[in-house]
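*Asks:* Okay, here's the structure, questions in a sec.
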Amino acid sequence: MNMQTLEQIAACVSGYDPNALPVEKAQEFIGRLVPKIGTVESVALRSSLGRVLAHDIVSPIDVPSHDNSAMDGYALRGSELAADGETVLTIAGTGLAGQAFDAAVPPAHCVRIMTGAVMPAGLDTVVPQEFTKTAGDMLRIPAGAVRTGDNRRLAGEDLARGCAALRAGRLLRPADLGLLASLGRAEVPVFRKLRVAFFSTGDELRSIGEPLDAGCVYDSNRYTIWAMLQRLGCEVIDLGVVRDEPAALRAAFSEAAASADAVITSGGVSVGEADHTKQIMAELGEVLFWRIAMRPGRPMAIGRIGEAILFGLPGNPVAVMVTFYAFVRDALRAMSGAAVEPLALLRAACTTPLRKKPGRTEYQRAIVGRSAEGRWQVAITGSQGSGILSSMSAANGMVLLHHEQGDVAVGDEVEVIPFDGLV
């Protein structure tokens, strides 16, 4: 099957306009562009955390394997509970977890049982010990203390033999590792880690440890990009700072594309910047340059160099992070084989008025919390300039103002993207 060109993909996106591209259209384009890696490897269970499951996991057993007690108490026949008044039974023995109670239980008898112990044959109900009274081998149960079937875990009620325990594309979490362990899985089939190469461009950038000459700044973007990629579980290739020189850029792009599934750059894609970065992108690959209807993060490049997907992000520190979360994060998840889920949003009352023109999507750094009445509320973290990284560091979320949304008054509810679990 031949790979679609960027122009062919653009033709499938209704209302595509590279000079004023809505966020949703850019996301749709990228979703159509990115491939999914297909290489599968088997890793030890404890190494699978944060990896993407490559195949469905079908339960080979019932979990639990037998009917068992949900608590410490006495196992009995529900049919022998008195309809009115006290029930009196004889205690026939004790059932312990990990030890089957094989003896037959005569009528009008019960078994002392511990949490997790297999239910003796014929018994279907457990009365908690705190509801009972004993005298010797006699058990007394007050009326209404328990109903037939109470406090019994059924075989296979967690997972039934032959059912899909986990689906392919799942990003494995701590509970999933426990679930896999309950099935006796020692190894897990996962997609290989996505390889992502990145570098910053700009003659004014300096790496940490280098002297800061007049007009120069330390490169912060590589560290935020590195950290965001680490959170996604990617194999990261840092190619450093690359000067605005054709030979250096050509070498960096060529090395990145040859060694990675995706290439991320910051800087060099804005109107008015030196043309070397954009020229080399276009020379080595198939690239589109967008002006996205968003703030911050208007300029962006997207395309391919060889088989690697290219994301050319703007150079301002906040714009880098916003465009990464708006476009790159989900694209990399899709490439890694993960099922892509929308970012979690919550609604909060705005504590300050916000000015917003319809026709672009805005992401404003904010602090979200609870009011004295327990209602979610959100406040903006001061100046929203795209170069003010401290405002992103101070924030615990971003207010998302949609494309057609207008001004926001005090008390209006807005959607917020929480940073917890994201940054």
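*Asks:* Of all alpha-carbon pairs in region 68-153, indicate the percentage at a distance above 20 angstrom.
*Replies:* Distances greater than 20 Å cover 20 percent of the Cα pairs.
*Asks:* Still on this model: With label points built 7 Å along Cα→Cβ from the Cα atoms of residue 419 and residue 339, find their separation and express it in nm.
*Replies:* Distance between label points: 3.0 nm.
*Asks:* Right, next: Where in region 215-229 is the amide nitrogen less than 17 Å from a point lying 7 Å along the Cα-to-Cβ axis of residue 243?
*Replies:* Backbone N within reach: 215-217, 219.
*Asks:* For the residues 298, 192, 173, what sequence is obtained by ranking on other C-beta atoms within 10 Å, fewest first?
*Replies:* 173, 192, 298
*Asks:* Continuing with the same structure: Can you figure out the FRET efficiency of residue 58 with residue 173, using R₀ = 25 Å and their beta-carbon distance, to the nearest 0.05? Intermediate values should be presented prior to the final figure.
*Replies:* Numbers: r = 19 Å, r/R0 = 0.77.
Taking R0 as 25 Å, the efficiency between residue 58 and residue 173 is 0.85.
*Asks:* Further question: Which order, highest average first, do 63-70, 363-370 follow once you tally other Cβ atoms within 10 Å for each residue and take the mean per peptide?
*Replies:* Numbers: 63-70: 17.2, 363-370: 20.1.
The peptides rank, most packed first, as 363-370, 63-70.
*Asks:* Students often forget the sequence filter, so: which lysines lie under 20 Å Cα-Cα from residue 357 once same-chain residues fewer than 8 apart are removed?
*Replies:* 25
*Asks:* Could you please rank 290, 226, placing first whichever residue has the fewest other Cβ atoms within 10 Å of its Cβ? Let's see the in-between values first.
*Replies:* Working: 290 22, 226 15.
Least crowded to most crowded, the residues run 226, 290.
*Asks:* Taking H as built 1.01 Å from N, whose amide H comes closer than 5 Å to the amide H of residue 58, not counting residues under 5 places away?
*Replies:* Residues meeting the criterion, in which the H sits 1.01 Å from N, are 165.
*Asks:* Dipole of the chain, Cα-centred, from +1 at each Lys and Arg C-beta and -1 at each Asp and Glu C-beta, to the nearest 20 debye?
*Replies:* Details: 40 positive and 47 negative charges, 34 e Å.
My answer is approximately 160 debye.
*Asks:* Mind pulling the angle between the C-alpha long axis of helix 23-33 and the longest principal axis of the chain? Nearest 10 degrees, somewhere in 0 to 90.
*Replies:* Helix 23-33 sits at roughly 80 degrees to that axis.
*Asks:* Roughly what angle does helix 221-231 make with the longest principal axis of the chain, taking Cα atoms, 0 to 90 degrees, to the nearest 10?
*Replies:* 20
*Asks:* Please list, by residue number, everything in region 107-138 whose backbone N is under 12 Å from a paramagnetic label point 7 Å out along Cα→Cβ of residue 96.
*Replies:* 114
*Asks:* Could you order peptides 339-349, 395-405, 209-219 by the average number of other Cβ atoms within 10 Å of their residues, highest first? Walk me through the numbers on the way to the answer.
*Replies:* Details: 339-349: 12.9, 395-405: 19.5, 209-219: 10.5.
Packing order, densest peptide first, comes out as 395-405, 339-349, 209-219.
*Asks:* What is the pair-distance distribution P(r) of region 136-263, computed from all Cα-Cα distances in 5 Å bins starting at 0, with each bin given as a whole percent?
*Replies:* Calculated over all Cα pairs of region 136-263, the distribution is 2, 8, 12, 12, 10, 8, 7, 7, 7, 6, 5, 4, 3, 3, 3, 2, 2, 1, 0 percent.
*Asks:* Turning to a different aspect of this structure: Among 228, 335, 138, 300, which comes first, then next, by fewest other beta-carbon atoms within 10 Å?
*Replies:* Starting with the residue having the fewest Cβ neighbours, the order is 138, 335, 228, 300.
*Asks:* Additional query: Fully extended, how many nm does the chain gain between residue 214 and residue 355 (0.36 nm per residue separation, minus their Cα-Cα distance)? Working shown, then result.
*Replies:* Values: separation 141, 0.36 × 141 = 50.76 nm, distance 3.60 nm.
Contour length minus the Cα-Cα distance gives 47.2 nm.
*Asks:* Given points 7 Å out from each Cα along the Cα-Cβ axis, report the residue 279 to residue 154 separation in nanometres with one decimal.
*Replies:* Label-label distance for residue 279 and residue 154, simple model: 7.3 nm.
*Asks:* Determine the sum of side-chain charges near residue 375: Lys and Arg each +1, Asp and Glu each -1, restricted to other residues whose C-beta is under 11 angstrom from that of residue 375. Don't jump to the answer; show the numbers that get you there.
*Replies:* Values: positive: 347, 370; negative: 373, 413.
Local charge sum for residue 375: 0.
*Asks:* Between residue 32 and residue 130, what is the label-to-label distance in nm when each label sits 7 Å out along the Cα-to-Cβ direction?
*Replies:* Taking the two extended label points, one gets 6.1 nm.
*Asks:* Could I ask something else about it? For the chain, what is the percent of antiparallel DSSP beta bridges, rounded to the nearest 5?
*Replies:* Details: 57 of 84 bridges.
Here the share of antiparallel DSSP bridges comes out near 70 percent.
*Asks:* Apply the Karplus curve 6.51 cos²θ - 1.76 cosθ + 1.60, θ = phi - 60°, to the phi angles in region 373-382 and return the couplings in whole Hz, x for Gly and Pro.
*Replies:* 8, x, 8, 5, 9, 9, 10, 6, 8, x
*Asks:* Tell me the relative contact order for the chain as a rounded percent, counting alpha carbon contacts under 8 Å between residues six or more apart.
*Replies:* Numbers: 939 pairs, mean separation 68.3, N = 423.
For the chain, the relative contact order is 16 percent.
*Asks:* In addition: For residue 359, what charge total do you get from the other residues with a beta carbon under 14 Å from its beta carbon, if Lys and Arg give +1 and Asp and Glu give -1?
*Replies:* With Lys, Arg at +1 and Asp, Glu at -1, the net is +3.
*Asks:* Given that just one value was derived from the coordinates, which of (1) 29.4; (2) 20.9; (3) 22.5 is mean projected area of the Cα convex hull in nm²?
*Replies:* So the calculated entry is the one marked (1).
*Asks:* For the pair residue 396 and residue 286, what calculated FRET efficiency results from E = 1/(1 + (r/R0)^6), where r is the Cβ-Cβ distance and R0 = 56 Å, to the nearest 0.05?
*Replies:* So the FRET efficiency works out to roughly 0.90.
Coordinate-derived values only; no laboratory data. Source: prediction; values computed, not measured. Counting neighbours? That spans all protein chains shown, and the Cβs are built from the backbone with ideal geometry, glycine included.
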